Every structure is written in C-alpha cells, then in structure tokens.
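Undergrad: Input: one structure, supplied below.
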Amino acid sequence: MTATQIATPRAQRRVRGVDPVPWWLKLIGGVVGLYFVLPTLFVIPMSFSTATTFQFPPQGFSLKLYENFFTNPVWLDALRNSVVVATLASLLATVVGTAAAVGLHNLRGRLARFARTVLMISMVTPAIVIAVAVYISFLQWQLVGTLAGYVLAHAAIGVPFVLVSVTSALGGFDARLLRAASSLGATPLRGFVTVTMPLISRGVITGAVFAFVTSFDEVVIALFLRSPALQTLPVQMYNSVTVEIDPTIAASSSVVVTAVTLICLVLQFVGGRRKSS
Amino acid sequence: MSTRIRLTDVTKDYGLAVPAVDNVSLTIEPGEFMTLLGPSGSGKTTTLNLIAGFETLTAGTIAFDDADVSTLPPHKRNLGMLFQNYALFPHMTVAQNVAYPLRERKVPKPDITRRVAEVLDLVQLTGRDGHYPSQLSGGQQQRVALARAIVFGPAALLLDEPLGALDRNLRGVLQAEIHRIHQEVGTTFVFVTHDQEEAMNLSDRIALFNNGKIEQVGTPEALYQRPETLFTARFLGDSNVFPLDKPFDGKAVWEDSVWAVDPGTVAAPTASALVVRPEDMRLSTSSVPGTNSVGATVRAVEYMGAYRTVVLALGRSGLTGRARLGPEDTAIAAGQTVVASWPVARQRLVLS
C-alpha cells in the first residue's frame, strides 16, 4: 500500500533506469501535493490565532487554543478515549487480520475467496450503513457508549487494512523456510513466531498503523456510539464546530495532524532501515 | 547417533492416475550414504518428504531404528535437512541460523556458542558468523545450511538435491565436502538427486526410482555392472541394448546372431534384452574367438578428449550403438564396416 511505495529507496528506482521527470509532470505533481496538504496547513496557523471565532488569515499569535485543549477536561478525555480505543482496536484488528491473512495464504479455492471477501467488505461498505447496522445491533447487546463497543466496531473496520498489508507481505515470504524450521525442531507455532513473524513484520506494522489511524479518525460510527460519558476526539471536534463554535478545534486538529505525521514518518524510517540491511 | 531408517510398503497417493510412491520398501542402514536416484516425477523426492514428515503416508510405515514414526510431525523426528534453495533464514546471521536448532532444543547458551563455532569450523566458514545469508555466495550458503542441519546431532541427514542450484565447479567442491562430512560425522545420509554421476560418486548404495517404485537397490558398482532391468541399464551410463527376438531360453538370439550366455549374467529367467557397455565393445575387422559379436557400420567418430566415441549402426536393422575407443585407435573412420565384439562375461541380460 501507500507506505510500501513511500519506503521504496530512491536508489532502486535509479537502477531501473527511469527517464528524468519532465518539468510539467513535476508541476502537476506539485499542484496535486499542495491540494492534499493545503487544508492541513491552513489549520496550523489558525491554531496560533488569538481570535475566538474561526478567521483566516489568523490574527495575532498565542498558545491560547493549545492551553484550552490541554487544560479542558472535555477535550483531554476525548483525546484519551480516542487513543485508548484506537490502540485496543488496532491490536485486535492486527491479531485477527494477521491470523486471517496467514490462514488464507495457504488456502486456495472458492471458500478462501469467499472468506477474504467477507473480511474485506467493511472497506467498501458506506460508513453510514456500517454505523447504522452497528448501532442497531449494539443497542440490543448494550454495547452503545461502552469502550468494548467502540473497540469491536473499530477493529472490524481495521481488519481489512491489516489483511491487505499482511497478505502482500506474505507474497514475498518463502513457505519453504517453515519446512526448514520444522526440520530443525520448531513446532508450527515456534516457526510462526521465529520465522514468519519477523519476515512479515513490516506488513503487520503497516497494517496496525493503518488500523490505528482509521480508528483514531473514525467519526460516523463513533457519533452513533457516543454517550455523554464516552466520546472520542473526532466526535468532540464535530461537536465543537456544530454546537459550540469553539476554535480549540484548530489546536486539536494540529495535534492530530502532527501525531499522525510522526507515526507515518517513524513507519517509513523503520521500513527504510530494514530494507537497507 | 546414526539411525536405521526402515520403510515398509510405503505408499503416497494424491488421487492421480498413478500413486506418487507405490508400495516402496527400503532399509537404510545406520551411517549409510543412501541415494534416492531417478528422473523427475519418479517419487524420490516424495519419499524423502515422507521420511522427513512433510507428507503424510497413504499406507505403510516408516520406522527409525525400532520406533514407528509414521505419524510423528517433522519437528519431532530429529532429522537434519538440506534443501535445494538452502532455505536459510534471511533475517538471521550465519551464527543465528546455525544456532536455531539448538535454541529450539533449549541448549544452554555457552554450549550453543561452542557448538556453533565447532560446526562452522567443520564446514570451513569460521569468521563468517556475523554475515547475513544474502552476503554469501551460493556455495557458502549451502555450507551454512549444512552446518545448521548437523549441529544438533540429527538421527539422519536428508539432502534434497542440495547441489542442484550450483554451477558445475562448485558442485564438485561441495560433493567432496559432503562426502568428507559424512565420513567425519558418521550419520545416516539420505540424498536425493537426478544426477547419476553425483549418485555414483557419493553413495554407499543407490535406490533407483521409476514411476513411484524402486527399480533396483545396490552399490553404485552393482547397479552399473549388474543392472536387472533395461531402465537401470539405461539410466546409469550408456548402454548398447539388443532387444532379443524372444525371451532368453538358454540362448540369446538377435537377428542373425546367436550369442553365448554366461548364466551368471542373466538377471531373470525371462530376461529379454541384452546390454553391453560401450567401454566393453571392441572393434576389429574380423570376429575374435571367445567373444560375442555383431556386424556394424561406423556412422561417426566423436572426439571426447580423453577418449573417442564411435557411433555404430549394428546388425541388419542398423540399431544405433556406441563403442568407446582409446586415443591410440585412430584407424577407425566413418563409413567403415567392422565387427563389434565383447567378452561374454561383460554382457548382461535384463528385463525390458
């Protein structure tokens, strides 16, 4: 996926003998890049504004909004909830998704394809449909507004990301190594831990990060599941704009953007280093 | 440390037209170097995988010494295995690869360090312990794999065409290496190959596979000198094959020739093909007393360096045959009519 492409070292591209990039392609690339990054970049100057409403260009400079964000228990609770939910959900999704990918990797035929489709379905289903379905069933199971509810729902939408990235990592994995491991005395479980896991770890980590970010950023299901006692950061951000018109959202957005960017950079660094060794 | 491996009526059937391994029985003696030889698809690799436990038996039993291991999973069989693609763990250094079976067996750390150093010395890879497999040549990688497969003192070492991926020169070097290590370690070796020369060089005994069955088992010399079937005669070395007009009944008859037969050279009462090795064929202008012979025309002389091969058209039908000449016999030229003769004791009557 995206992270894998980012991680391709530049040297390798040069070896393949690609022509130099023409100026117009650079221009288009630059424009597309700006288009993606600009909204994010608007939010950061705004977060240092002194205004009490949304204004652009921002006025003055202060850390007032950050102070709000980091002292107001509503925002802090929301942030903490999001981190807890995203961590647990991505852990669960990583375990399930990795197990599914490894299991399906050894299977051929209709049943395997069917199982793969079922696991991937949440990726293509409109979020609102999933949200309503989750809401109706969770009402019955009394999971609405609970940590378990958030974790289960977010894990379900995180599984496809793990499945895809681990499946692609397994594509480069030589299953004969497991035969070697078993001939050397490793049980199937030990073989998985000592041979398979280290060799597909990049796919697993990539999947886990995607699952984390997906959960961290998920707003539709979270809106349905929210309770006064438990709501996530995106839901609080949504509230702050629609109900309270609170510019603190600019600070919280900046924090989120910075955090997610850091995660991706770390991932890329880890990937790049692994490749060069 | 060395183990007797006993296969009894072993069958592996994938549900195809012919079973991959069909009712094979074979005893591999402790410390023996046994080669499973045969063309691809003959069942030799499947047999090795059955011994390793990678495949499950359809029927029959496999025993190590007196213990039935037929249903034992591979990691409990205590066998070392060498693969054609080396199958080294790419994320581990040489030392970590070699230490792997010891770590899985919970050997104490100081012992691991000592034994890894010893075995790396044995395969002449001292000083490479910190390298990753990708930094080594193919030959070095296979040495690491060999070290890893013997470091834990396996009951036997299984070798699945381990030299197949190497170039010719390196193959010779590693052949010698494998031979030396077999001598030093003394473990039972089971070696799979389709290369008859490799099999002849290395083996104490060869089991020749054909269509899922064992065609013949014996020392390389026995298989070469005393083949029992046409398949064996043809698979090991070159042969001149005369399909007899009728199964042997005291006389060997082919076209106009009636040949004398030494009863010791008859593989079975119903043998129906007479086989002569090219190096036993002599060419002359008239028949030599005390030998069997047939008229022949020289088709071509091929220069092979140390010797020359004469391609012959034998008898009335012009059956293609070969004779081997020393460098001194320079008088033979294409188109010449000759008598091809061989000592009665050097021919072999086999089942076709």
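No value in this document is a laboratory result; all are computed from the given coordinates. Source: prediction; values computed, not measured. Positions of Cβ are generated from backbone atoms using ideal geometry, with glycine treated the same way; all protein chains shown enter the neighbour counts.
Undergrad: The range B:230-350: D in µm²/s via Stokes-Einstein (Kirkwood Rh, Cα pairs, 37 °C, 0.692 mPa s)?
TA: 225 µm²/s
Undergrad: Over the range B:265-352, what relative contact order in percent results from Cα pairs under 8 Å that are six or more residues apart?
TA: After rounding, I find 48 percent.
Undergrad: Work out the charge dipole of the range A:60-217 with +1 on the Cβ of Lys and Arg and -1 on the Cβ of Asp and Glu about the Cα centre, then indicate which of A:Gly103, A:Ser183, A:Ile130 is farthest towards its positive end.
TA: A:Ser183
Undergrad: Which percentage, to the nearest 5, of the DSSP beta bridges contained in the protein assembly as shown is antiparallel?
TA: Antiparallel bridges make up about 70 percent of those DSSP assigns within the protein assembly as shown.
Undergrad: Sticking with the crude label model, points 7 Å out along Cα→Cβ, report the distance from A:Thr125 to A:Val95 in nm, one decimal please.
TA: 2.2 nm
Undergrad: Mind jotting down a quarter of the surface of the convex hull over the alpha carbons of the range B:1-53, in square nanometres, one decimal?
TA: Numbers: hull surface 15.9 nm².
For the range B:1-53, the mean projected area of the Cα convex hull comes to 4.0 nm².
Undergrad: Can you give the alpha-carbon Rg of the protein assembly as shown over 2.2 N^0.38 Å, where N counts its residues?
TA: Working it through for the protein assembly as shown, the quotient is 1.43.
Undergrad: Now for a different question. Calculate the FRET efficiency for B:Gln336 and B:Glu302 from the Cβ-Cβ distance with a Förster distance of 22 Å, rounded to the nearest 0.05.
TA: Taking R0 as 22 Å, the efficiency between B:Gln336 and B:Glu302 is 0.90.
Undergrad: While we're looking at this one, here's another question. Arranged by the count of other C-beta atoms within 10 angstrom, fewest first, what order do B:Arg114, A:Arg108, B:Arg6 take?
TA: Listed from fewest to most nearby Cβ atoms, that is A:Arg108, B:Arg114, B:Arg6.
Undergrad: In peptide B:74-87, what is the residue-averaged number of other protein chain Cβ atoms found within 10 Å of each Cβ? List each step's numbers first, then the result.
TA: Working: counts 12, 10, 3, 3, 3, 3, 3, 5, 2, 5, 1, 4, 3, 10.
Partner Cβ neighbours, averaged per residue: 5.
Undergrad: So if I place +1 on the C-beta of Lys and Arg and -1 on the C-beta of Asp and Glu, and nothing else carries charge, what would the dipole magnitude of the range B:230-350 be about its Cα centre? I want it in debye, nearest 20.
TA: 140 debye
Undergrad: Rg/Rh for chain A to two decimals, with Rh computed the Kirkwood way over all alpha-carbon pairs.
TA: Result: Rg/Rh = 1.03.
Undergrad: Quick check on the exposure proxy: order A:Val255, B:Val192 from fewest to most C-beta atoms within 10 angstrom.
TA: So the residues, fewest neighbours to most, are A:Val255, B:Val192.
Undergrad: Tell me, what is the percent relative contact order of chain A, built from C-alpha pairs under 8 Å that lie six or more residues apart?
TA: Numbers: 305 pairs, mean separation 82.1, N = 277.
In percent, rounded to a whole number, it is 30.
Undergrad: To continue, here is another question. If you line up the long axis of helix A:73-105 against the longest principal axis of chain A, both from Cα atoms, how many degrees apart are they, to the nearest 10?
TA: Approximately 20 degrees, to the nearest ten.
Undergrad: Please work out the FRET efficiency for the pair B:Lys246 and B:Asp204, using the Cβ-Cβ distance as r and a Förster radius of 45 Å; give the result to the nearest 0.05.
TA: E between B:Lys246 and B:Asp204, to the nearest 0.05, is 0.75.
Undergrad: Could I ask something else about it? Identify, among A:Phe161, A:Val220, A:Met197, the residue whose Cα sits farthest towards the positive end of the charge dipole of chain A, taking +1 on the Cβ of Lys and Arg and -1 on the Cβ of Asp and Glu, with the dipole about the Cα centre.
TA: My answer, from the dipole projection, is A:Met197.
Undergrad: Label A:Thr71 and B:Asp65 with points 7 Å out from Cα along Cα→Cβ: what is the distance between them in nm?
TA: 7.9 nm
Undergrad: Separate question: For B:Leu170 and B:Ala117, calculate 0.36 nm times their separation in residues minus their Cα-Cα distance, and state this gained length in nm to one decimal.
TA: 16.7 nm
Undergrad: Can you tell me the length gained on complete extension of the stretch B:Val18 to B:Arg234, counting 0.36 nm per residue apart and subtracting the Cα distance?
TA: Value of the extension gain: 75.5 nm.
Undergrad: Something else about it: Give the long-range amide H neighbours of A:Thr146: residues separated by 5 or more places, or on another chain, with amide H under 5 Å away, using H modelled in the peptide plane at 1.01 Å from N.
TA: Result for A:Thr146 returns nothing.
Undergrad: Gap in Å between the Cα centre of the range B:1-18 and the Cα centre of the range B:294-352?
TA: So the separation of the two Cα centres works out to 41 Å.
Undergrad: Which distance in Å, rounded to a whole number, links the C-alpha centroids of the range A:173-228 and the range B:232-271?
TA: The range A:173-228 and the range B:232-271 have Cα centres separated by 65 Å.
Undergrad: Run the simple label-point estimate for B:Glu221 and A:Thr146 please: 7 Å along Cα→C-beta, distance reported in nm.
TA: 8.1 nm
Undergrad: Pairs to check: B:Lys213/B:Lys246; B:Lys12/B:Lys213; B:Lys76/B:Lys106; B:Lys12/B:Lys44. Give those whose C-alpha atoms are more than 20 Å from each other in this structure.
TA: Pairs exceeding the cut-off: B:Lys213/B:Lys246.
Undergrad: Another question, then. When DSSP beta bridges are limited to those with both residues in the range B:5-225, what percentage is antiparallel, rounded to the nearest 5?
TA: Numbers: 17 of 35 bridges.
That works out to approximately 50 percent antiparallel.
Undergrad: Which FRET efficiency value, to the nearest 0.05, is calculated for A:Ile44 and A:Thr87 with the Förster distance at 25 angstrom and r the Cβ-Cβ distance?
TA: 0.50
Undergrad: Now for a separate question. Assign unit charges at the C-beta atoms only (+1 for Lys and Arg, -1 for Asp and Glu), then state the dipole size of the protein assembly as shown relative to its Cα centre in Debye, rounded to the nearest 20.
TA: With Lys and Arg at +1 and Asp and Glu at -1, about 1220 debye.
Undergrad: Counting only other chains, what is the mean number of Cβ atoms within 10 angstrom of the Cβ of each residue in peptide A:184-192?
TA: 6
Undergrad: If you place +1 on the Cβ of every Lys and Arg and -1 on the Cβ of every Asp and Glu, how big does the dipole about the Cα centre of chain B come out, in debye to the nearest 20?
TA: 500 debye
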